[in-house]
1. Quick check: is even one residue across region 262-273 surrounded by 20 or more Cβ atoms within 10 Å (Cβ to Cβ) and more than 19 Å from S203 (Cα to Cα)?
2. I need a count of the residues in region 310-327 that are among the hydrophobic types (A, V, I, L, M, F, W, C) and open to solvent by 10 Å² or more (accessible area, probe 1.4 Å).
3. What do you reckon, is L554 touching a helix residue (DSSP H, G or I) at 6+ places or on another chain (Cβ under 9 Å) and hydrophobic (A, V, I, L, M, F, W, C)?
4. Can you pull out the residues in region 172-214 that are in a loop (DSSP other than H, G, I, E, B) and hydrophobic (A, V, I, L, M, F, W, C)?
5. Tell me which residues, restricted to region 143-163, are open to solvent by 10 Å² or more (accessible area, probe 1.4 Å) and under 14 Å from A90 (Cα atoms).
6. I'd like to know if region 155-171 contains one or more residues that are farther than 17 Å from G143 by Cα and part of a strand (DSSP E or B).
7. Return the residue satisfying two criteria in turn: it lies in region 227-242 and is part of a loop (DSSP other than H, G, I, E, B) and at negative phi, and of such residues it is surrounded by the most Cβ atoms within 10 Å (Cβ to Cβ).
8. Restricting attention to region 168-209, report how many residues are hydroxyl-bearing (S, T, Y), in contact with an Asp or Glu (Cβ under 8 Å, 6 or more places away or on another chain) and buried (at least 20 other Cβ atoms within 10 Å of the Cβ).
Amino acid sequence: MAPTIRSPFRRTLALLASAAILAQAGMSGIAFAQTAPEATVPGAAPLTPPAASQTAPAPAAPQATPPIGAVVPTSGPASVADLAEGLLDAVVNISTSQNVKDDEGVGPAPRAPDGSPFQEFFNDFFNKKQGDKGPNHNVSSLGSGFVIDPAGYIVTNNHVIEGADDIEVNFANGSKLKAKLIGTDTKTDLSVLKVEPKTPLKSVKFGDSSEMRIGDWVMAIGNPFGFGGSVTVGIISGRGRNINAGPYDNFIQTDAAINKGNSGGPLFNMKGEVIGINTAIISPSGGSIGIGFSVPSELASGVVEQLRQYGETRRGWLGVRIQPVTDDIADSLGLDTAKGALVAGVIKGGPVDDGSIKAGDVILKFDGKTVNEMRDLPRVVAESTVGKEVDVVVLRDGKEQTVKVKLGRLEDSDQAASGDAVPDGSQDGVITPNPDENNDMDQPDGGDQGQRAPGAPAPDQNQGQASPDAATPKNVLGLSLSLLSPETRKAFGIAESVDGVVVTEVAPGSASAEKGLKPGDVIVEVAQEFMKSPDAVAAKVKSLKQEGRRNAQLMIASANGDLRFVAVPME
């Protein structure tokens, strides 16, 4: 009987003690710290601790107080429903069709491995698919786009409508309109379409992507896998991404779900402004894994406006060949860090052929914009107005100088082919030379790599440039060097316009070999000083060593005259 009497009494004491503890916790604010941290939820108003009172409040009823440690339910992050509702009508689905001949792009049907349990089913399926095709068949695709003008101008990706015979725009209300292609730009993968609506369309406007920060919330709307009007939300994961999609890569990376069919759709900020155009994803499976890329509005808006006005792009053109500034080159130039774009050559007849910018200059700033790396320069030049005079900060002879240049117009490749004054390979405004590339058909093949050039002529046949012993090949930096002569020009197919000292042999495993130098290359300059003879090269390299330099910067000309810079270690 004792346990029966004591048990209710103990439970009553425990209940009263718990009530007292909870009441005291409410007074001191401890209970507030036990609730869910709503202040950390995006969009939620911060919680305010209850104000302290001089008079202790009456004890709360035990049954009305949640247990210590219980999580109080919250409403979650702030809803984007209102924002999405006002934008959905401006986002469209784009369907295209293309009439393809039966033999276009058709390869052999895949077959299952012999002995596979699915071999019969697999082969029957693909044999039937091929047999269904007639002489011609239509290929359809789906993508996304958005209206930027109530009059019917629509932006999408070039790859969404490329090669299409028919383009149809599907709106959120179910209506459909045929679209006309106004202009396209393959370098940024953007296109502008035009439809003829009976009433003004709902439209959206571009925002400023340069103001966006990593971690900012964004929203994508599009047509993934044909599911129109799909809304996804995420953050900006990265900026300035280069995915080798074009010469002006500067993508926004986002983890907002982007899938096939989202291409051409808008990426919005939380103000409802378009700050990106969804273009590409990285995915082994073809679906979203949280790595999507959008063309930033700071690049896209200018391209779109030019396509609307002219049906084509009109980009600025500087007319230089450039290459990266490596750590070795930066050391040879006396730069603290590798930065800027190294000018490897100037296009004849181009905007800076007047000597304002020279080969060997390092462009550090263009029109007030810092050039941190080589790929920054083509983009800022292309975004500049044709005919504009701009200030360019260059590093020349170890000192920063500011020069003023007037930009030309970058012609498209088809215009260049028609005979305009834009040289081949300069369609990007700047050229990145490939050291392994040689377009001179007279260049000897690999079988002549070890050939030594014939002896050089007497000094008087070279305008007195060399001393008598300069005719003997010199070995410098693992290179066998010789004077340029009619014989060496013929042996290596070197153009008459190329001057300097010819490389006749390269020691295997040497630093020069590792840097890609090969027989037939011509050393034009060493440390920005023109080289007349092998002796001059040897003397300059010796001088650089005495100065404590670790690398020798060489200006190298290929057989057809294309220039590049190479920093060769001298240890």
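The values are calculated or read from the model by the stated rules, or taken from the named source; none is laboratory data. Everything numeric in this text was worked out from a predicted model, so none of it was measured. Virtual Cβ from ideal backbone geometry, glycine too; neighbours counted across all protein chains shown. Ligands, DNA and RNA are excluded from the accessible area calculation, which covers all protein heavy atoms including side chains. Shrake-Rupley method; radii C 1.70, N 1.55, O 1.52, S 1.80 Å.
1. no
2. Going through region 310-327 one residue at a time, the tally reaches 2.
3. When the stated conditions are applied, L554 passes them.
4. A172, A179, V195, L201, V204, M212, I214
5. Answer for region 143-163, where residues must be open to solvent by 10 Å² or more (accessible area, probe 1.4 Å) and under 14 Å from A90 (Cα atoms): I148, D149, P150, A151, Y153.
6. No, region 155-171 contains no residue that is farther than 17 Å from G143 by Cα and part of a strand (DSSP E or B).
7. G228
8. So the answer is 3.
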